[in-house]
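Below is one structure, written out as C-alpha cells, with a few remarks after it.
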Amino acid sequence: MSVDDERSDEQRWAEVGRIVSQVQTVTHRHHTLLERIGDASIKPLTGIPIAIVVLLLTFQVIRFIGEGLISYVFEPIFDIYTPLVMKLSELLGPGFVHDVLIGTLIEGKVDYVQSMGLLTTGLYVPFAMVLPYVFAFYLVLGFLEDSGYLPRLAVLVDSLMHRIGLHGFAIISFLLGLGCNVPGALSTRILETKRQVFIAATLMAIAVPCMAQLAMIAGIVGKHGAKGLGIVFFTLFMVWMVLGYLLNKILKGKSPEIFMEVPPYRIPYWGALLKKLWMRIRFFLGEAIPYVLLGVFIVNVLYVLGIIEFIGKIAAPIVVGLLGLPEGAVAALIVGFLRKDVAIGMLLPLGLTMSQAIVASVVLAMYFPCVATFAVLTKELGIVDMAKSAAIMIASALMVGGLLNLIL
Amino acid sequence: MKLLLMGNPNVGKSAIFSRLTGVNVIVSNYPGTTVELKKGAMKLGDQWAEVIDVPGTYTLEPISRAEEVAVEMLKKGDVVINVVDATNLERSLYLTLQLLERKTPVIVALNMWDEAKHKGIVIDVEKLEKLLGVPVAPTVAITGEGIKELVSRLPGVVLRTVT
C-alpha cells in the first residue's frame, strides 16, 4: 500500500471497505439483553418512562446513601470529636483565636453548623454535610457513565435541548455540573461553536447548583419540608429553560446539528468505577477543604473588622428591600463568591422563614459562580464573554429573587 | 520521545493511557470524556517516554475544539498509538488511513478485543497488519490484556533484553 500521497475521502473509504472485507468475518447471533435494553431506552415510547424511573431511582439512591453516611458514619465521628473541641475551647479562653478556631459557642456548646470556627464548622460542613452526598452522587454518576446510559438520555432530550440552542449531548455537561461546576464547565468544550459553549456555560453557572450547594440547600430549606425544596428546584429549572430560550433567540449565530456516537451498553467494571469515584472524591477534597477553611477564616476577619456590617448597610436596599432578606444575609452573599456551601450554612443562624430560605438559596445559586468555577469559565470563555455572562447572572438573580420575594 | 494515543471518541484511549502510565484519568462509556490533553510518562527500556492522551477525533479535519487539540498534537508526536475499536473496525479505519498518510510512525491497538469476540466478530490480525503495513496488537485496556505486547512492538523502540 502506498502511504505517501494524500487521497480523497472516497478513495479512503473504498480502501477501508477493501481491508474490512478481507480481515473481518461476522458470525450470526441473536440480540443480547443489553442490546434490547439499548433499543428500548432510545425509543420515546419506552425511553421516556425508563428515563423517569432512572432519574427517580438516582435521587432515591443518592438520598439513601448520603443520609445513611451522615447518620451512621460522620455524625458519630463528630460526636467523638466534640469533647476534644470543648477541651480546646476551655484552654483557649475567650478572644480572637478562640473565635477563629472554635467560633461562637451557642448556649455554652459547640454548634457545628453555626459556630463558624475553623475546627468546628470549617470541618463539619465539608465532611459531615457535603462529602456524603458528593460520594453518593459520584457513585451513581459513575455507574450511569460507564453503563452507557448517558448518551441515550442525550438522544432522548435532544429536541428539548434544541429549544435552548444546544443539543442533547449538552445534558452530560449539566449532569457533570450537578457534581461540581468545574468539570461541568470544562466538558462544554465538546460543543461545536463558541455560541453553544457560551449558552451551556452560562446556564450551568446560573441554574445548575453543585452537589455541595445542594446538600446545604437540602439542609436549610428541607427542614421546612419537601415543598420548599420543590419550589427551589422548580424555579431553577424554569430559569434554565426560559433563560436558555431567550439566549438562543438573542445571540447571533447558529447551533449546528451533530452526529453522536451512541456506545453499546456495558456492564460497568467495578475496579474502574471505584477508581473513578476515588479520583473525584480526592478532587472534591482538594478543592473544597482549602476554600471552606479560607471562607470561614475570612468571615471571622470581616466580622471582627466590622466590614460585613458596613457592606450590609450599603447593600440593604437590595438585600432587604428587593429580596426581603435580613441584613445579615449580606455576609453569606460575600462568602458565596468563595464557596457556596459555607455561604448557605451562614444563613442558618439568621432564623429565616421558609420563603426567605427559598429566596436566599435561589439567589445564592444564581448570582455568581464560586471562585473555582469562575476561574475555569474565564479561561474557557475569555474575559469579554465572561463579563457578559456575569452580567446575565447578576441581573437574572436579582430579577428572579425579587419575583420570588413578591410571590411567596 | 513522545507517544500519542489517538483514535475515534470512546474507543478506550484513556483506559490504555491509564494502563501505560499508571496515571489515573477519568474513563467513561461515552464519547468526549477527554477534552484536554493528559500527559504521563512510562519507562521504555532505559529511557522515559512521554505519553499523551489526545481527545478523540474521527478525522484529521477537526470540527470541535477538542478535535482541534488532537490535530495540533499530531505535529509534535514521535509515535502514534492509534487506538481502534475492534467492534467498529470499519468506522475506525478511516482515521487510521489518514494517520498512515502522515510521516509519524503508527502502531494500531485493536482495543475491546473481548467485546468483539462476544459479538461474533472475528478479525484476522496478521492480514490486517500486512494490509496496513504497521504493527497491530489486540488489547483489552480495561483489564490490561495485550498491553505488554503493544508496548513491545512500538515502532522505533528497541527494548534491550538482558542476555
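Read the figures in this text as sums done on the coordinates, not as results from a lab. Predicted model only: the values in this text are computed from it and were never measured. No Cβ is skipped: glycine too gets one built from the backbone with ideal geometry, and neighbour counts run over all protein chains shown.
Listing for the model above:
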| quantity | calculated |
| --- | --- |
| Cβ charges +1 (Lys, Arg) and -1 (Asp, Glu), total dipole of the protein assembly as shown, debye | 220 debye |
| Phi-based couplings in Hz for the stretch A:178-193 (Karplus 6.51, -1.76, 1.60; Gly and Pro marked x) | 5, x, 7, 5, 5, x, x, 5, 4, 6, 5, 4, 6, 6, 6, 10 |
| GNM top mover of A:TYR112, A:TYR269, A:TYR133 - chain A, alpha-carbon springs below 10 Å | A:TYR269 |
| Greater than 29 Å apart at Cα, pairs in A:LYS249/B:LYS38; B:LYS75/B:LYS117; A:LYS388/B:LYS39; B:LYS76/B:LYS148; A:LYS275/B:LYS76 | A:LYS249/B:LYS38; B:LYS75/B:LYS117; A:LYS388/B:LYS39; A:LYS275/B:LYS76 |
| ³J(HN,Hα), Karplus 6.51/-1.76/1.60, whole Hz, each residue of the stretch A:35-41, x for Gly, Pro | 5, 5, 4, x, 5, 5, 7 |
| A:VAL54 paired with B:ALA41, simple spin-label distance in nm, labels 7 Å along Cα-to-beta-carbon | 4.1 nm |
| GluC sites (Glu not before Pro) within the stretch A:276-379, DSSP loop, no more than 11 other Cβ atoms inside 10 Å | none |
| Residues of type aspartates and glutamates that A:LYS194 reaches as a straight line, Cα spacing below 16 Å, ignoring anything fewer than 8 places off in the same chain | A:GLU257, A:GLU380, A:ASP385, B:GLU67, B:GLU68 |
| The stretch A:1-105: trypsin sites (Lys or Arg not before Pro) in DSSP coil with no more than 10 other Cβ atoms inside 10 Å | A:ARG29 |
| Residue mean of other protein chain beta carbons inside 10 Å, B:121-132 | 4 |
| Overall form of the stretch B:2-152 per C-alpha gyration tensor (a/c, 1.5; a/b vs b/c) | rounded |
| Ordering of B:16-27, A:240-251 by burial proxy (mean other Cβ atoms within 10 Å per residue, highest first) | B:16-27, A:240-251 |
| Euclidean distance between Cα centres, the stretch B:78-93 to the stretch A:334-401, Å | 44 Å |
| 0 to 90° range, to nearest 10: angle between helix A:270-305 axis and chain A longest Cα axis | 30 degrees |
| Around A:PRO256: net Lys/Arg minus Asp/Glu count, Cβ-Cβ under 11 Å | 0 |
| DSSP bridge pairs, the protein assembly as shown: antiparallel proportion in percent, nearest 5 | 40 percent |
| With Cα atoms, 0 to 90° folded angle of helix A:194-207 axis to chain A main axis | 40 degrees |
| Cα-based reach from A:LYS109 at 30 Å (exclusive), listing lysines while leaving out same-chain residues under 8 positions away | A:LYS87, A:LYS223, A:LYS340 |
